[in-house]
Amino acid sequence: MHHWGEIIVDSELLPKLMVLRSETVPLLKKIEFRDVKRQSLIDELTPVLASLGSLSEIVWENRFPDNLADVRWLNLRSFTIHQTIFTDKCLFFVHRCPRIEEISLHKYKSHASRTRLPRRVALPYLHTLYVETCEESSDTGQLLDRLVLPSLRKLDISPPLDDNALRRLGDRSSCNLIHLGMIDNISEDTTIVKEDPPSYLEAPCVQTIRSLHIGPLVVDAFFHHLTWKCNTELGNHYLPHLKELSVRAAYTTDGVASQMVASRWGTKEEVNQPASLTSVKLDLVYVGSRRTAVRVGITGRHYHNQDQKVLSELEAAGLVLQLYCCTLERLDSDRLVEGAVGRTVFYTPGGIQYSSVLEY
């Protein structure tokens with residue numbers, strides 16, 4: 001025990017941890033709980049873990065304590081929970097973690113509006129937050145609206161039902177992000193298909209990001225918003241420091257995505273110029289169905305030949321590029337993404353290298 005640095009705990013090892021003390025495990029930094037079946041033992045272990053002076057990171061895979069908020073976690077810097085956790089339990093827990101720096105919630109679930117929740121919880125040292133919902137009706141905005149995070153730098157989150165939730169968090173916290181990730185969600189409500197720019201794209205706390213990952217489906221308008229306009233053109237200049245971009249699914253007119261990338265390539269981050277993109281990953285979708293194309297605002301059939309040509313030229317000039325093109329012949333449901341079946345073609349400057357069946 002004296003030399004433990006990281007340990008993985010299962011049901012067999014769990015009872016043996018009850019004797020742990022700071023002096024017996026002075027080097028223990030991380031504990032990961034896997035395949036733990038007895039909830040009562042997990043709960044009994046909570047005060048023991050909270051008392052360990054060196055323990056700074058905990059991962060709960062299949063179970064986590066019901067009494068998390070009953071003790072103060074003075075030394076905890078990072079925790080990950082893979083099981084369903086509601087807003088109230090999360091807020092009461094983090095309120096007891098004054099030094100927390102990283103939080104990962106993989107099955108977050110919001111409450112009905114009538115549930116009473118803490119008004120505000122300030123986490124002055126939190127710099128990384130990951131929140132993924134376990135069902136499409138859950139609203140991550142309920143959690144964001146109750147947090148004050150002045151040190152927040154990296155945020156990956158299932159899109160809030162209210163676009164303005166991220167703006168409110170930034171205004172309240174005065175934080176400046178360097179990374180923003182919108183985690184994929186099958187709900188049509190979180191699909192970025194509207195003409196107006198999403199509120200989070202305009203939020204002051206987002207203008208400092210250098211990395212952007214978009215999981216939900218996007219269409220032409222999204223790329224138009226990000227296309228950098230020259231001095232003679234009207235338009236807003238969003239995300240001037242952006243260097244890395246990843247878009248999981250784009251139903252776009254041929255040439256729109258590559259035009260945006262080209263407008264941000266080779267620039268010098270000076271007055272009226274953005275930082276130059278260094279890394280781009282795009283999943284471009286060719287829509288074979290005329291009905292589906294109309295629903296996402298695309299006219300005609302687009303095989304992304306222009307996108308392939310322009311992006312291949314930029315890759316030859318030094319851009320780190322991952323380009324995937326998927327052909328969708330039909331949509332099996334009323335939603336834009338669910339049930340889609342097609343063939344994925346991976347493009348490089350040398351042409352098609354690999355193809356496979358893709359199911360969304």
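The values are calculated or read from the model by the stated rules, or taken from the named source; none is laboratory data. None of these values were measured; they are calculated from a predicted model. When we count neighbours, we look across all protein chains shown, and the Cβ atoms used for this are built from the backbone with ideal geometry, even at glycine. Side chains included, ligands, DNA and RNA excluded: accessible areas come from the protein's heavy atoms. Shrake-Rupley method; radii C 1.70, N 1.55, O 1.52, S 1.80 Å.
Here the label points at PHE92 and LYS16, each 7 Å from Cα along the C-beta direction, are separated by 3.3 nm in the simple model.
Could you order the peptides 256-267, 50-61 from most to least packed, using the average number of other C-beta atoms within 10 Å per residue?
Working: 256-267: 20.1, 50-61: 18.2.
My ranking of the peptides, most packed first, is 256-267, 50-61.
Beta carbons within 10 angstrom, averaged per residue: use that to sort the peptides 219-230, 35-46, highest first.
On the way: 219-230: 19.1, 35-46: 15.3.
With the highest mean Cβ count within 10 Å placed first, the list reads 219-230, 35-46.
Here the accessible area is traced with a 1.4 Å probe on the protein chains. For the stretch 13-89, carbon and sulfur cover 51 percent of it. Which of the lysines could a cross-linker span from LYS268 if the Cα-Cα distance has to be under 27 Å and same-chain partners fewer than 8 positions apart are dropped? Within the straight-line limit of under 27 Å, LYS268 reaches these lysines: LYS154, LYS229, LYS243, LYS281, LYS309. Size check on the stretch 3-128: the Cα extents along the three principal axes, sorted descending, read 46, 31, 22 Å.
Spatially, the stretch 94-113 and the stretch 36-83 are offset by 13 Å when compared through their Cα centroids. Extension gain for MET1 to GLU313 (0.36 nm times residue separation, less C-alpha to C-alpha distance): 106.6 nm. The label point for SER199 and the one for VAL71, both projected 7 Å from the Cα toward the Cβ, are 4.0 nm apart. Our summary of shape: the Cα atoms of the stretch 41-189 have principal axis extents of 43, 29, 27 Å, ordered from largest down, in whole angstrom. Note on LYS16: lysines with a C-alpha under 21 Å away, same-chain residues under 8 apart excluded, are LYS29, LYS30, LYS37.
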